[in-house]
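K.L.:
Quick one: the structure is below, questions incoming.
Coordinate-derived values only; no laboratory data. Bear in mind that the values here come from a model prediction, so they are computed numbers and not experimental data. When we count neighbours, we look across all protein chains shown, and the Cβ atoms used for this are built from the backbone with ideal geometry, even at glycine.
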Amino acid sequence: DLIIGLTHLQLKTDKQIASLKAEHPKLAFITGGHEHEPQFLAGAEDRAVVMKGASNARLVWQIDVTFDAQGSAQVSG
């Protein structure tokens, strides 16, 4: 299982949501909009990956999710 977030919030708020990974380890990544410039925040043990697109469809993220032998999600983008 995997939890993803799809938002249209400020980066500051997405970072707060991403920090919920400490309590919800299946939270893999947050993707969304709001800022008009692309943003990427690498994940950590206690923080989900955050990817934000640019305005007017100027950027498309490819998000690759793989699962290790224990079933933990590994996210790259």
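K.L.:
Kirkwood Rh, Cα Rg: Rg to Rh for the chain? Walk me through the intermediate numbers first.
P.N.:
Details: Rg = 12.2 Å, Rh = 12.5 Å.
With Rh from the inverse mean 1/r over Cα pairs, Rg/Rh is 0.97.
K.L.:
Relative contact order for region 3-76 using alpha-carbon pairs under 8 Å, separation at least 6, rounded to a whole percent?
P.N.:
Numbers: 141 pairs, mean separation 19.7, N = 74.
So the answer I get is 27 percent.
K.L.:
Given a Förster distance of 22 angstrom, what is the FRET efficiency for PHE40 paired with ILE3, based on the Cβ-Cβ distance and rounded to 0.05? Walk me through the intermediate numbers first.
P.N.:
Numbers: r = 19 Å, r/R0 = 0.87.
My answer for the efficiency is 0.70.
K.L.:
What lysines sit close enough to LYS12 to cross-link, taking a C-alpha to C-alpha distance under 19 Å and skipping anything fewer than 8 places away on the same chain?
P.N.:
Qualifying lysines at Cα under 19 Å: LYS21, LYS52.
K.L.:
May I pose another question? Only four residue types carry charge here, +1 at the Cβ of Lys and Arg and -1 at the Cβ of Asp and Glu. Report the dipole size of the chain about the Cα centre in Debye, rounded to the nearest 20.
P.N.:
Details: 7 positive and 9 negative charges, 46 e Å.
My answer is approximately 220 debye.
K.L.:
Same structure, new question: Between PHE67 and LYS15, what is the label-point separation in nm under the 7 Å Cα-to-beta-carbon projection?
P.N.:
3.2
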